[in-house]
Amino acid sequence: MNSSFRIGVVGSGKGSNFVALADAIAAGKIPAEIAVVLSDVESAGILAHARGRKIPAQFIPPGKFRTKLDEEAERAFVSALQSAKVDLIVLAGFMRVLKGDFLRAFAGRIVNIHPSLLPSFPGLEAWKQALDHGVKVAGCTVHFVDAGVDAGPIIAQQTVPVFENDTPESLHRRIHAAEHELYPKCVVALARGEISVAGRRVIWKKSQTCSNPYIFT
Ligand code: GRF
């Protein structure tokens with residue numbers, strides 16, 4: 001396996017998307033290695049999962065702001081990722097908005113997963129926003145990260161149905177399960193260099209899975 005493609009995973013929470021990625025890599029499905037896992041939350045499950053797999057994992061205090069990193073923290077995140085020589089940064093439940101210096105340091109090399117079919121329902125509790133709005137189809141989106149909130153070019157989306165008896169929790173569980181399928185598929189394509197960007201449009205150079213590689217149901 002070619003493991004020269006190095007991934008840095010950054011998250012604040014449970015780390016189930018990290019686990020899905022690490023499992024896919026361990027199973028030989030993604031030609032890459034996770035070089036480092038970083039979190040702004042000392043007790044985050046994602047750090048424990050990484051340490052359990054002997055992957056370098058580091059807590060970096062986020063500083064004085066609630067929704068973004070302060071300058072010192074931003075420098076520390078950038079320097080940890082540069083020291084790990086990452087080719088791609090995978091945000092997996094990172095609850096802070098990335099700003100200029102971080103984005104510039106890794107331009108075009110940061111991806112995120114969001115629990116809605118963007119551009120609908122950016123921001124917090126997207127599954128609840130979708131349910132409250134009454135949509136019949138929900139899902140998740142993998143996208144490049146830019147200066148907006150959940151706003152960068154869309155790489156792929158996976159849909160799930162919304163049922164009449166859904167609660168926010170049941171819909172969230174269904175979307176989360178879809179995320180664990182979609183994120184590894186996108187990271188495979190990124191690691192293989194099969195994805196390019198033209199303005200807002202993301203082009204999949206060739207399909208590994210089906211004739212329409214970027215919409216999954
Ligand atoms: C996911 O629902 C993802 O869409 C959102 O944060 C959550 C992270 O979950 N950005 P986990 O920590 O990977 O379990």
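Only the coordinates and a few stated rules stand behind these numbers; no lab work does. Remember, predicted model here, so these are calculated numbers, not experimental data. Note that each Cβ is placed from the backbone with ideal geometry, even for glycine, and that neighbours are counted across all protein chains shown.
Listed by first and then second residue, the pairs linking a residue in region 106-130 that is in contact (Cβ under 8 Å) with a residue 60 or more places away in the chain and over 20 Å from S196 (Cα atoms) to a residue that is surrounded by 14 or more Cβ atoms within 10 Å (Cβ to Cβ) and hydroxyl-bearing (S, T, Y), with Cβ atoms under 9 Å apart and 6 or more places separating them unless they lie on different chains, are P115/T141.
Of all the criteria given as (1) crowded, with 18+ Cβ neighbours inside 10 Å; (2) near the ligand (Cβ under 8 Å from one of its atoms); (3) of a type outside the set (S, T, Y), the one not satisfied by I25 is (2).
For (1) away from the ligand (no atom under 16 Å from the Cβ); (2) over 24 Å from D23 (Cβ atoms); (3) touching a Lys or Arg at 6+ places or on another chain (Cβ under 8 Å), each residue gets a yes or a no:
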{"residue": "S43", "(1), (2), (3)": "no, no, no"}
{"residue": "E71", "(1), (2), (3)": "yes, yes, no"}
{"residue": "L88", "(1), (2), (3)": "yes, no, yes"}
{"residue": "L91", "(1), (2), (3)": "no, no, no"}
{"residue": "R104", "(1), (2), (3)": "yes, yes, no"}
{"residue": "P115", "(1), (2), (3)": "no, no, no"}
{"residue": "P119", "(1), (2), (3)": "no, yes, no"}
{"residue": "L124", "(1), (2), (3)": "no, yes, no"}
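Against the list (1) touching a strand residue (DSSP E or B) at 6+ places or on another chain (Cβ under 9 Å); (2) farther than 30 Å from H133 by Cα; (3) not charged (D, E, K, R), the condition P61 fails is (1). Within the set V36, V9, the sole residue that is assigned to a strand (DSSP E or B), in contact with a Phe, Trp or Tyr (Cβ under 6 Å, 6 or more places away or on another chain) and either within 14 Å of the ligand (Cβ to nearest atom) or of a type outside the set (D, E) (or both) turns out to be V9. Scanning region 90-127 for residues that are farther than 24 Å from E33 by Cα and assigned to a strand (DSSP E or B) yields a count of 1. P161 fulfils the conditions (1) surrounded by fewer than 20 Cβ atoms within 10 Å (Cβ to Cβ); (2) touching a residue at least 12 places away in the same chain (Cβ under 8 Å); (3) within 12 Å of the ligand (Cβ to nearest atom) except for a single criterion, (3).
Would it be correct to say that K64 is in a loop (DSSP other than H, G, I, E, B), within 18 Å of Y183 (Cβ to Cβ) and charged (D, E, K, R)? Spelling it out, it is not the case that K64 is in a loop (DSSP other than H, G, I, E, B), within 18 Å of Y183 (Cβ to Cβ) and charged (D, E, K, R).
Scan region 117-134 and give yes if some residue there is closer than 16 Å to V90 by Cβ, crowded, with 23+ Cβ neighbours inside 10 Å and not aliphatic (A, V, I, L, M), otherwise no. There is no residue in region 117-134 that is closer than 16 Å to V90 by Cβ, crowded, with 23+ Cβ neighbours inside 10 Å and not aliphatic (A, V, I, L, M).
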